[in-house]
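Below is one structure; the comments refer to it alone.
The values are calculated or read from the model by the stated rules, or taken from the named source; none is laboratory data. Here the structure is a predicted model, which means the values were calculated and not measured. FYI the Cβ positions are ideal-geometry reconstructions off the backbone, even for glycines, and counts take in every protein chain you see. These accessible areas exclude ligands, DNA and RNA; they are computed on the full protein's heavy atoms, side chains included. Shrake-Rupley method; radii C 1.70, N 1.55, O 1.52, S 1.80 Å.
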Amino acid sequence: LPDGLADAGESFFECAARETFEETGIQCRGVSLLGMWHRHDLVPWGKSDLYCVVRLEPIDQTQEIQADPAEISACRWYDRDAFLRDEGHPLISKVLHECYGASDAIGASSKPLSECVDL
């Protein structure tokens, strides 16, 4: 999943859309904030981190992926059920389970059941 740091004055949606474009060449718009994770005193910087999971939609469904090899090692469109089955990051897995009803049985909704998750 594309990720990165917000620029000064940038909203969560603007940041997510910009990072996605930089890494994949896909222009998106923010739809909803699905979850947030706030951690303190991260090593080695001693700074706090506010990690947001944003639901994006492509502006044009016909866009071709143009992965930037300096930003991301691989990129492809993922079938929803395959993504729900394969995703292993604990935060993303929790968001998928809570927002989309994801489970081992798949069968999750394509639209969020909830627009934000309390992590």
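Structural remarks
- Residue match in region 44-62 (condition: among the charged types (D, E, K, R), assigned to a helix (DSSP H, G or I), surrounded by 12 or more Cβ atoms within 10 Å (Cβ to Cβ) and at pLDDT 75 or above): no
- Among (1) open to solvent by less than 50 Å² (accessible area, probe 1.4 Å); (2) in contact with a Lys or Arg (Cβ under 9 Å, 6 or more places away or on another chain) - the single one residue 26 does not satisfy: (2)
- Meets criteria (under 13 Å from the mean Cα position of the chain (by Cα) and more than 19 Å from residue 92 (Cα to Cα)) for residue 18: yes
- Long-range neighbours under 9 Å by Cβ, at least six apart or interchain, first residue within 14 Å of residue 6 (Cβ to Cβ) and among the charged types (D, E, K, R) within region 29-52, second at pLDDT 85 or above and surrounded by fewer than 10 Cβ atoms within 10 Å (Cβ to Cβ): 47/40; 49/40
- From the list 20, 62, the lone residue that is in contact with a Cys (Cβ under 7 Å, 6 or more places away or on another chain) and hydroxyl-bearing (Ser, Thr, Tyr) is 20.
- Residues that are hydrophobic (A, V, I, L, M, F, W, C) and in contact with a Gly (Cβ under 9 Å, 6 or more places away or on another chain) were ranked within region 48-76; the one that is nearest to residue 92 (Cα to Cα) is 53.
- Failed condition for residue 37, given (1) open to solvent by 80 Å² or more (accessible area, probe 1.4 Å); (2) modelled with pLDDT of 85 or more: (2)
- Exactly one residue among 86, 79 is at pLDDT below 90 and either open to solvent by 90 Å² or more (accessible area, probe 1.4 Å) or in contact with a Phe, Trp or Tyr (Cβ under 6 Å, 6 or more places away or on another chain) (or both), and that residue is 79.
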